[in-house]
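Heads up, the thing below is written out as structure tokens.
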């Protein structure tokens, strides 16, 4: 089997993975963070687990860029857009975590890392090798402009939501409080909402099947988790704002 055949089979099979993931997570919440529980094997600190999980998403694109055939301006800009999110997520975000005593199942970290290798391969083997490539004029195409605007909006929403959550804890604290301000007025998980917008923007600005897969998988992963977070807030706090939804303002 050629690499192109392998790639094509893997890409289409990954859309099925998104469906399976969404179905599973509607009934079983991944056991980390506020949903951590025993019974999933060895654990690591949440900081180490987060780095193990997210680092491949930052590193795989750089490796594939090095190995790939395209190093044009548009490809480099797309790599840069991706890395804006994942360098922060893999190496800056863990350093800012306040609840350092928490643990994460190693299985969860390795599962996340495996997905990030897969996703990085699908997106960046397309951009640097299998895809048709992008002319410089793509940078002024409405799809790129609209997608970049979505990505930037989602990134800012995500960063603001994370800052609000960090501000709820003093260093070393692990308890939970009701977050307020910004989109927390309307939804319980604006951090997830922002990330969903980001990767929908990525799908538009790349106008590619791998980008579409990532947007769909992001929804498959984060919408059920936001629903679980929302339910947890309602159980913890009798005065939790009743008008809030889980992840989509006014809807869900």
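Pick from segment 27-43 the residues that are closer than 16 Å to residue 231 by Cα and not in a loop (DSSP other than H, G, I, E, B): which of them is modelled with the lowest pLDDT? If you could, list the steps in order and put the result at the bottom.
Looking only at segment 27-43, we keep the residues that are closer than 16 Å to residue 231 by Cα, and these are 27-36.
With the extra rule that they be not in a loop (DSSP other than H, G, I, E, B), the set shrinks to 33-35.
Values: 33: 79, 34: 83, 35: 86.
Filtering segment 27-43 for residues that are closer than 16 Å to residue 231 by Cα and not in a loop (DSSP other than H, G, I, E, B), the one modelled with the lowest pLDDT comes out as 33.
Here is a check on your reading of the model: is residue 64 in contact (Cβ under 8 Å) with a residue 12 or more places away in the chain, surrounded by 17 or more Cβ atoms within 10 Å (Cβ to Cβ), farther than 26 Å from residue 87 by Cα and out of contact with any strand residue (DSSP E or B) (no Cβ under 8 Å at 6 or more places or on another chain)? Don't jump to the end; show me each part of the working.
Details: in contact (Cβ under 8 Å) with a residue 12 or more places away in the chain: yes; surrounded by 17 or more Cβ atoms within 10 Å (Cβ to Cβ): yes; farther than 26 Å from residue 87 by Cα: no; out of contact with any strand residue (DSSP E or B) (no Cβ under 8 Å at 6 or more places or on another chain): yes.
It is false that residue 64 is in contact (Cβ under 8 Å) with a residue 12 or more places away in the chain, surrounded by 17 or more Cβ atoms within 10 Å (Cβ to Cβ), farther than 26 Å from residue 87 by Cα and out of contact with any strand residue (DSSP E or B) (no Cβ under 8 Å at 6 or more places or on another chain).
Does segment 182-197 include one or more residues that are touching a strand residue (DSSP E or B) at 6+ places or on another chain (Cβ under 8 Å), assigned to a helix (DSSP H, G or I), farther than 27 Å from residue 71 by Cβ and in contact (Cβ under 8 Å) with a residue 24 or more places away in the chain?
Just the residues of segment 182-197 that are touching a strand residue (DSSP E or B) at 6+ places or on another chain (Cβ under 8 Å), to begin with: 186-188, 193.
Next, from what is left, pick out any that are assigned to a helix (DSSP H, G or I): 193.
After this cut, where a residue has to be farther than 27 Å from residue 71 by Cβ as well, the list is 193.
Cutting the leftovers down to in contact (Cβ under 8 Å) with a residue 24 or more places away in the chain gives us 193.
Yes: segment 182-197 contains one or more residues that are touching a strand residue (DSSP E or B) at 6+ places or on another chain (Cβ under 8 Å), assigned to a helix (DSSP H, G or I), farther than 27 Å from residue 71 by Cβ and in contact (Cβ under 8 Å) with a residue 24 or more places away in the chain.
Could you run through segment 48-71 and say how many residues are at pLDDT 95 or above and either outside any helix (DSSP H, G or I) or out of contact with any helix residue (DSSP H, G or I) (no Cβ under 6 Å at 6 or more places or on another chain) (or both)?
Summing the residues that are at pLDDT 95 or above and either outside any helix (DSSP H, G or I) or out of contact with any helix residue (DSSP H, G or I) (no Cβ under 6 Å at 6 or more places or on another chain) (or both) in segment 48-71 gives 3.
What do you reckon, is residue 174 surrounded by 21 or more Cβ atoms within 10 Å (Cβ to Cβ) and touching a residue at least 12 places away in the same chain (Cβ under 8 Å)?
no
State yes or no: is residue 146 part of a helix (DSSP H, G or I) and free of Cβ contacts under 8 Å to residues at least 60 places away in the same chain? Explain how you work it out, then say what you get.
On the way: part of a helix (DSSP H, G or I): yes; free of Cβ contacts under 8 Å to residues at least 60 places away in the same chain: yes.
Yes; evaluated as a whole, the condition is true for this residue.
For segment 72-101, how many residues are outside any helix (DSSP H, G or I) and surrounded by 12 or more Cβ atoms within 10 Å (Cβ to Cβ)?
First pass over segment 72-101, keeping only residues outside any helix (DSSP H, G or I): 72, 97-101.
In the following step, the residues that additionally are surrounded by 12 or more Cβ atoms within 10 Å (Cβ to Cβ) were identified as 72, 97-100.
Counting residues in segment 72-101 that are outside any helix (DSSP H, G or I) and surrounded by 12 or more Cβ atoms within 10 Å (Cβ to Cβ) gives 5.
Identify, from the list 210, 179, the residue that is touching a helix residue (DSSP H, G or I) at 6+ places or on another chain (Cβ under 7 Å) and either part of a loop (DSSP other than H, G, I, E, B) or modelled with pLDDT under 95 (or both).
Details: 210 fails: either part of a loop (DSSP other than H, G, I, E, B) or modelled with pLDDT under 95 (or both).
The match here is 179.
Return the pairs, sorted by first residue and then second, in which the second residue is exposed (fewer than 12 other Cβ atoms within 10 Å of the Cβ) and assigned to a loop (DSSP other than H, G, I, E, B), the first residue lies in segment 233-252 and is on the phi > 0 side of the Ramachandran plot and touching a residue at least 24 places away in the same chain (Cβ under 8 Å), the beta carbons are less than 9 Å apart, and the residues are 6+ apart or on different chains.
Pairs that qualify, where the first residue is on the phi > 0 side of the Ramachandran plot and touching a residue at least 24 places away in the same chain (Cβ under 8 Å) and the partner is exposed (fewer than 12 other Cβ atoms within 10 Å of the Cβ) and assigned to a loop (DSSP other than H, G, I, E, B), are 250/243.
Mind checking which residues of segment 4-26 are in contact (Cβ under 8 Å) with a residue 12 or more places away in the chain and in a helix (DSSP H, G or I)?
Selection gives 4, 7, 10, 11, 14, 15, 17, 18, 19, 21, 22, 25.
The values are calculated or read from the model by the stated rules, or taken from the named source; none is laboratory data. Quick caveat: nothing in here was measured; it's all calculated off a predicted structure. Here Cβ is always computed from backbone atoms with ideal geometry, including for glycine, and neighbour counts include all displayed protein chains.
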